[in-house]
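Participant: My questions will all concern the structure given below.
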């Protein structure tokens, strides 16, 4: 091969290498974004289910117009595990925590699985044990008729 052909082969190899690195970075960013979208969808599902719980009379297993003491055991949510106290649930998208519950509202905090600090807990017979929360969180205050989104 001539010197010009060798230079062309080296140049093409460098361009293909750069394109591969860019594609890998783009794919990783898209996966993180998809996880955040799935977490937001889960939060909307939890809000809708909890609002149905709020409206259902206590005789039928609902809250009787109160969020007081609400847990993930009180409404349908597709979680792979729920903690023994019912305040924390986990699925493949992340971990969700109910806190500050009272009669009129509660706070829902989500810890996305795409965060590097997130460590999933172990699940035995549907019971969530251990794990660490993510440093990046999404929060929402759930009220009877709407959600107030935080950061």
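Participant: Return the residues of segment 38-47 that are loosely packed, with under 13 Cβ neighbours inside 10 Å and modelled with pLDDT under 95; say none if nothing qualifies.
Facilitator: 44
Participant: Output yes when any residue across segment 22-32 is surrounded by fewer than 17 Cβ atoms within 10 Å (Cβ to Cβ) and within 18 Å of residue 137 (Cβ to Cβ), and no when none is.
Facilitator: Yes, segment 22-32 contains at least one residue that is surrounded by fewer than 17 Cβ atoms within 10 Å (Cβ to Cβ) and within 18 Å of residue 137 (Cβ to Cβ).
Participant: Looking only at segment 81-100, which residues are surrounded by 14 or more Cβ atoms within 10 Å (Cβ to Cβ) and over 11 Å from the mean Cα position of the chain (by Cα)?
Facilitator: 81, 82, 83, 86, 87, 88, 98
Participant: Within the set of pairs 6+ apart or on separate chains, which have a first residue in segment 41-68 that is free of Cβ contacts under 8 Å to residues at least 60 places away in the same chain and at positive phi, a second that is assigned to a loop (DSSP other than H, G, I, E, B) and loosely packed, with under 15 Cβ neighbours inside 10 Å, and C-beta atoms under 8 Å apart?
Facilitator: 64/57
The values are calculated or read from the model by the stated rules, or taken from the named source; none is laboratory data. Just so you know, these numbers come straight off a predicted model, no measurement behind them. We place every Cβ from the backbone using ideal geometry, glycine too, and count neighbours over all the protein chains shown.
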